[in-house]
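Worksheet: one structure, shown below.
Derivation of every value follows stated rules applied to the coordinates shown; laboratory data play no part. Only a predicted model underlies this, so the values are computations on that prediction, with no experimental measurement involved. Cβ: placed from backbone, ideal geometry, glycine included. Neighbour counts: every protein chain shown.
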Amino acid sequence: MRHLFITLILCLFFVEINAQTQEIDTENSIVNFAVSNMKFRTVEGAMDGMEGEILFEENQEEPAAFNVCINPATVDTDNRKRDEHLLKEDFFDVANHLSICFESSDVTKASWGYSTKGTLTINGIDQLVTIPFTFDGEKFQGNLQVLRSDFELGPSGTFMIGDEVEITIICTLK
């Protein structure tokens with residue numbers, strides 16, 4: 001029994017040493033998005049200021065975890081009036097919701113890269129999502145689609161703004 005206990009302690013110690021939290025390079029990390037506008041145009045934008053904790057080793061599947069947030073007040077669509085509107089209550093409601101966050105519950109390796117499942121929180125609304133991603137040693141890149149209506153972002157049922165939003169996440173490590 002004592003041998004089992006010592007082995008368990010050594011295993012936990014080994015995992016703690018090898019599973020170091022990695023620091024995000026905030027200046028070189030960004031979330032890009034694209035959404036249709038009036039069904040024939042596309043509005044593109046970005047948010048920056050990514051922060052959080054990443055526990056990931058490329059050659060080691062476990063443990064791995066992502067707990068990352070971005071500030072929606074950094075939204076930039078290259079149109080000041082639109083950006084100001086996106087900050088208001090009917091979209092990102094930055095007066096009440098200071099961050100958009102993703103917290104992983106599972107990270108798996110795939111033949112083409114990796115996949116993480118977890119909770120995406122926007123406007124205080126949680127949705128389970130899967131983000132396929134690649135990692136090149138210092139940069140994660142993932143893509144996913146979300147529905148604006150799932151997060152109560154803007155009016156629903158309008159042709160002015162598409163419901164499906166394409167998101168590309170680029171997270172660079174220091």
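When the Cα positions of Ile24, Thr119, Thr77 are compared along the charge dipole of the stretch 21-172, Thr77 comes out farthest toward the positive end, with charges on each C-beta of Lys, Arg, Asp and Glu. For Thr119, what charge total do you get from the other residues with a beta carbon under 13 Å from its beta carbon, if Lys and Arg give +1 and Asp and Glu give -1? Combined, the nearby Lys, Arg, Asp and Glu give -3.
Specify which labelled value, from (1) 15.3, 46; (2) 18.7, 69; (3) 16.2, 50, agrees with Rg and Dmax of the Cα atoms in Å derived from the coordinates of the model shown. So the structure-derived entry is (2).
Per-residue ellipticity at 222 nm, computed for the chain from helices alone with -39500 (n - 2.57) per DSSP H run of at least four residues, works out to -4500 deg cm²/dmol. Of the cross-linked pairs Lys109/Lys174; Lys81/Lys117; Lys39/Lys174; Lys39/Lys88, those separated by over 31 Å at the C-alpha level are Lys81/Lys117; Lys39/Lys174. Computed about the Cα centre, the dipole magnitude for the chain is approximately 260 debye when only Lys and Arg (+1) and Asp and Glu (-1) carry charge, each at its Cβ. Using C-alpha pairs below 8 Å separated by at least 6 residues, the relative contact order for the chain is 23 percent.
Considering only Phe66, Val107, Phe140, the residue lying farthest towards the positive end of the dipole of the stretch 58-174 is Phe140, judged by Cα position with unit charges set on Cβ.
Relative to the dominant Cα principal axis of the chain, helix 2-18 is inclined by about 40°.
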